[in-house]
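For reference, the structure discussed in these notes is given below.
None of the figures in this text is laboratory data; all of them are computed from the coordinates on show. Small disclaimer: the values here were computed from a predicted structure and weren't measured. Cβ: placed from backbone, ideal geometry, glycine included. Neighbour counts: every protein chain shown.
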Amino acid sequence: MRLLVHSAKQAVVVSDSGEAYLAGDRMARVVIREHPAGISVAVDGNGKIEKIGSNPEIQNLYSHVKFDEIIDASNMCILPGLIDAHTHPIWGGDRVREFEMKLAGATYLQIHEQGGGIFFTVEETRKKTDDELYESLKRRLELMAQSGTTLVECKSGYGLEKDEEMRLLKIIENVKEECPIEISSTYCGAHAIPKNKTAEEATLNIVNDQIPELKQLIDRGILSVENIDAFCEKKVFDTDQSRRILEAGKHIGLRINFHGDELYPTKSAEMGASIGATAISHLEEISNDGISAMAKSNCVAVILPTTAYIMKLKAPPVQHLIKAGVPVALGTDFNPNAYCLSMPMVMNLACTALGMSMPQALNAATINSAASLGRSGTHGSIEVGKYGDLIILNAPRWEHIIYQMGNHHNLIHSVIKKGRVIHRNHQASHIQY
Ligand code: NIG
Ligand code: FE
């Protein structure tokens with residue numbers, strides 16, 4: 001699809017020097033292109049960004065080119081598609097009842113220990129047919145796309161047992177063909193300890209039975225899983241068990257990208273850095289040594305503001321991480337405990353509840369999220385050669401996507417994936433600014 005977007009007020013390209021991620025002071029700035037005559041972006045026939053320039057410049061260069069689609073972005077902004085670095089999108093049965101219990105004071109681990117939480121969702125998921133799970137997953141991904149997400153990390157994890165976990169990964173694989181956004185799949189069999197096993201038995205089952213099965217399915221081309229996750233937490237998988245699971249995944253070629261230091265300090269960050277983790281999520285309870293270890297190994301911190309907010313956890317030390325040089329990314333953590341599909345909402349919470357600036361939040365939700373998935377060479381900024389994944393925002397400044405809390409649906413005019421419009425809302429904001 002050859003696409004031309006022209007006359008934009010701003011193009012927030014995020015980065016213009018091919019950086020693989022942004023860290024430290026560099027996170028405080030997004031690169032913006034502006035021109036009195038408007039800015040244009042041209043996407044080539046392979047869905048890749050070919051040229052970014054002023055309107056006159058692009059008009060000259062492309063006067064003889066026929067585009068499949070032309071979007072007039074007068075008075076609007078162009079942003080990169082958002083990248084959601086952490087989601088659990090495939091499950092059945094809601095947890096509204098538990099939400100109510102938590103509002104009344106119950107903690108996450110209390111509910112988990114009573115057989116609720118992940119265990120409740122595992123039971124509800126098992127009752128669903130492949131088709132039912134496929135349809136709800138697809139719908140959730142469509143809604144994410146409508147909020148501006150163009151690449152999303154998707155975990156299994158509500159199967160726990162081998163066959164169920166593989167079933168969930170196959171459904172995620174099938175949805176890739178039909179869903180508007182791109183997926184990076186993650187095997188998260190170590191999400192909880194099944195009721196019939198000890199933590200050690202579950203670890204051995206994952207390492208000796210599930211991961212070999214996963215490798216076979218990958219080798220046969222049935223699955224294309226990219227990452228391995230484990231819930232490294234007190235009363236779930238301890239730090240040593242998590243390490244063994246993650247290393248077994250790394251051994252079959254998966255990137256290590258896991259839940260750590262969330263509810264209790266467990267030295268997850270130190271462990272993750274020592275085994276070459278690409279990313280670690282949560283980190284509310286990270287230690288100073290953990291921060292230094294992540295900075296040294298360029299391990300991305302995936303911050304999940306919805307969870308910290310809903311569960312009233314202590315805020316993860318975002319500015320401390322940034323100051324130390326750890327690249328910070330953002331994710332919705334969409335799951336039945338934290339029902340949020342929207343990265344603009346997450347950026348708002350990252351700013352209001354966790355003290356990030358708006359440029360830091362946008363960098364985290366684009367180039368650094370791409371880095372957490374090993375995809376920043378092709379995704380996460382508007383740079384020549386990367387995929388034409390774009391948002392057209394009907395506002396005169398890009399910050400409105402964060403500032404207008406919960407109103408992003410009315411601001412997003414179009415969402416573009418590899419040069420193809422996957423969502424349009426031409427009614428987007430008629431407010432005169
Ligand atoms: O990231 N911590 C583990 N996983 C999820 C919660 C999953 C659930 O409660 O169903 C998280 O918060
Ligand atoms: Fe999670």
### Summary
Most exposed first, judged by fewest Cβ atoms within 10 angstrom, PHE99, PHE237, PHE231, PHE120 run PHE99, PHE120, PHE231, PHE237
### Query
Among the DSSP beta bridges whose two residues both lie in the chain, what percent are antiparallel, rounded to the nearest 5?
45 percent
### Message
Per-residue counts of other Cβ atoms within 10 Å, averaged by peptide: what ranking do you get for 409-417, 33-41, highest first?
### Response
409-417, 33-41
### Alpha carbon centroid spacing (whole Å) that separates segment 408-422 from segment 105-151
25 Å
### Query
Restricting to segment 303-433, what percent of DSSP beta bridges are antiparallel, rounded to 5?
90 percent
### Query
Put a dot 7 Å past each Cα toward the Cβ at VAL384 and ARG29; how far apart are the dots in nm?
2.2 nm
### Message
What translational diffusion coefficient, to the nearest whole µm²/s, does segment 207-286 have by Stokes-Einstein, given a Kirkwood radius computed over alpha-carbon pairs, a temperature of 4 °C and 1.567 mPa s viscosity?
### Response
102 µm²/s
### Task
Write down, largest first, the equivalent ellipsoid semi-axes of segment 29-98 in whole Å, where each equals the square root of 5 times an eigenvalue of the alpha-carbon gyration tensor.
37, 16, 11
## Note on the structure
In whole angstrom, the spacing between the Cα centers of segment 290-324 and segment 199-220 equals 30 Å
### Query
Antiparallel DSSP bridges in segment 35-166: what percent, to the nearest 5?
60 percent
### Message
Looking at segment 77-127, I'd like the Rg to Rh ratio, where Rg is from alpha-carbon atoms and Rh is Kirkwood's inverse mean 1/r.
### Response
1.17
### Task
Report relative contact order for the chain in percent, whole number only (criteria: Cα-Cα under 8 Å, sequence separation at least 6).
21 percent
## Note on the structure
Here the equivalent ellipsoid of segment 288-433, derived from its Cα gyration tensor, has semi-axes (largest first, whole Å) of 27, 19, 13
### Message
Please rank ASP209, ASP229, fewest neighbouring Cβ atoms within 10 Å first, as an exposure proxy.
### Response
ASP209, ASP229
### Message
What percent of all Cα-Cα pairs in segment 269-369 falls into each 10 Å bin, going from 0 up to the bin containing the maximum distance?
### Response
17, 52, 29, 2
### Message
Taking just the alpha carbons, could you work out the radius of gyration and Dmax for segment 171-254, both in angstroms?
### Response
13.6, 40
### Query
If you count, for each residue, the other Cβ atoms within 10 Å and average over each peptide, how do 319-328, 213-222, 13-22 line up from highest to lowest?
319-328, 13-22, 213-222
### Task
Could you run the Debye sum over the Cα atoms of the chain, one equal point scatterer each and no solvent, and tell me log10 of I(q)/I(0) at q = 0.06, 0.13, 0.14 Å⁻¹, two decimals?
-0.24, -1.09, -1.25
### Helix-only CD estimate at 222 nm, as mean residue ellipticity for the chain, using -39500 (n - 2.57) per DSSP H run (n ≥ 4)
-10000 deg cm²/dmol
### Message
Distance cut-off 20 Å, Cα to Cα: go down the list LYS51/LYS417; LYS267/LYS296; LYS128/LYS197; LYS197/LYS235 and report the pairs above it.
### Response
LYS128/LYS197
### Query
How far is it, in nm, from the label point at ASN298 to the one at LYS314 when both lie 7 Å from their Cα along the line to the Cβ?
3.1 nm
### Task
Within 10 Å of each residue's Cβ, count the other Cβ atoms and sort MET356, MET101 from fewest upward.
MET101, MET356
### Query
Using 7 Å Cα-to-Cβ label points, what is the LEU109/ARG397 separation (nm, one decimal)?
4.3 nm
